[in-house]
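To start, the structure itself, in structure tokens.
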């Protein structure tokens, strides 16, 4: 656990800096455009390159030294952040600049994420898989607590460029921790066998691995369905709150922070108990719990309801993610995890990108006009979500939440998924 803990602490610092920049940019885009689509497109351009390079990234991770790839990726992301700061300082920053940099950022971030994920089974033992996965979710949600608070306090004093400099400082911390440890690079005849194939066979080897195992395919499918609904909700909730509060960044900051607290509390709780004995049950329960939280988030019309609902939704996310990762780490050989995890990430990112792409137009062109009209549908749902700006986004958010709950409940009815851990042998 020592090596993982060192790496994890560096990733925590880096995540806080990145979230500070992203939080400030989300507000900047909304103030400039007042459109959900503009924010959704930033997420879309972040996801698309990850889809395109994931299979190739898995190939790189299994062929080259994972530790070196993590360092190179971190440096590239730091360069992107520097460019944003320079463009902003010279008053040349435009939205399309962010879209272009999001492509580079997403590509490098995906390589770093996959290299780290594929290294976990080499640096910790099996009994810690769920625990370290929950610690990784703590990283994501801790940044949501600390970053908005820091931006709120520091922005007026040091400005946007000061936030960028803090982000760059945290990148240095992250890279330093990677340099402090040694990450083993697994070697086996399995890699030699794969490398003897042609390039197309190698690229799609991970997908074939998943499709050849029905239970692993079932886990992948149900998680992709969850990611579709979850990415819809993640794209929608911030514009909804800004629309319903007259653009209040203070309320949005509190709601984002509540999600961070919920994710940290959920991650800490899970890291202490070590996860469910049957990880598949934890994953499905995480889907249902997240869905209920998002349902209340869409239904609520006051800041305190949003804060409580988002806390509860985020509390369940570590359970869903860590349970899923624990299955992958236990069932897939470490020497091929780069390609297999990359293939699973590719499928998940594809549905996530589609969700982000359609979320904005659905909200701006369908649900918002519908709920702000005299139609029968508006009259029917007005008692549930109210009227005015943001009510259409709220209705769409409720629909996605119901989808999450159904995915968790219906998924448990399929034996191939429910008994996945029994049907799939451990790689050991």
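The values are calculated or read from the model by the stated rules, or taken from the named source; none is laboratory data. Predicted model, so just to flag it, every value in this text is computed and none were measured. In this analysis, Cβ positions are derived from the backbone assuming ideal geometry, glycine residues included, and neighbour counts consider all displayed protein chains.
Of the residues making up segment 341-355, those that are more than 16 Å from residue 204 (Cβ to Cβ), under 14 Å from the mean Cα position of the chain (by Cα) and modelled with pLDDT of 80 or more are 348, 351, 352, 355. Per the listing 219, 288, the residue uniquely touching a residue at least 12 places away in the same chain (Cβ under 8 Å) and surrounded by fewer than 24 Cβ atoms within 10 Å (Cβ to Cβ) is 288.
Here is a yes/no grid of residues against (1) modelled with pLDDT of 75 or more; (2) buried (at least 24 other Cβ atoms within 10 Å of the Cβ); (3) under 19 Å from the mean Cα position of the chain (by Cα):
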{"position": "35", "(1), (2), (3)": "no, no, no"}
{"position": "56", "(1), (2), (3)": "no, no, no"}
{"position": "67", "(1), (2), (3)": "yes, no, no"}
{"position": "92", "(1), (2), (3)": "yes, no, no"}
{"position": "97", "(1), (2), (3)": "yes, no, no"}
{"position": "116", "(1), (2), (3)": "yes, no, yes"}
{"position": "133", "(1), (2), (3)": "no, yes, yes"}
{"position": "139", "(1), (2), (3)": "no, no, yes"}
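Need at least 3 residues that are out of contact with any helix residue (DSSP H, G or I) (no Cβ under 9 Å at 6 or more places or on another chain) per element, so show me which helices (runs of 4 or more DSSP H) inside segment 314-426 make the cut, counting only ones lying wholly within it. Quick ask: steps written out before the conclusion?
On the way: elements: 337-361, 368-371, 376-385, 391-411, 415-418, 420-423.
In segment 314-426, the matching helices (runs of 4 or more DSSP H) lie at 376-385.
Can you pull out every residue in segment 61-91 that is part of a loop (DSSP other than H, G, I, E, B) and either touching a residue at least 12 places away in the same chain (Cβ under 8 Å) or within 18 Å of residue 181 (Cα to Cα) (or both)?
The first filter runs over segment 61-91 and keeps only residues part of a loop (DSSP other than H, G, I, E, B), leaving 64-65, 90-91.
Once the filter is applied, which keeps residues that are part of a loop (DSSP other than H, G, I, E, B) and either touching a residue at least 12 places away in the same chain (Cβ under 8 Å) or within 18 Å of residue 181 (Cα to Cα) (or both), segment 61-91 yields 64, 65.
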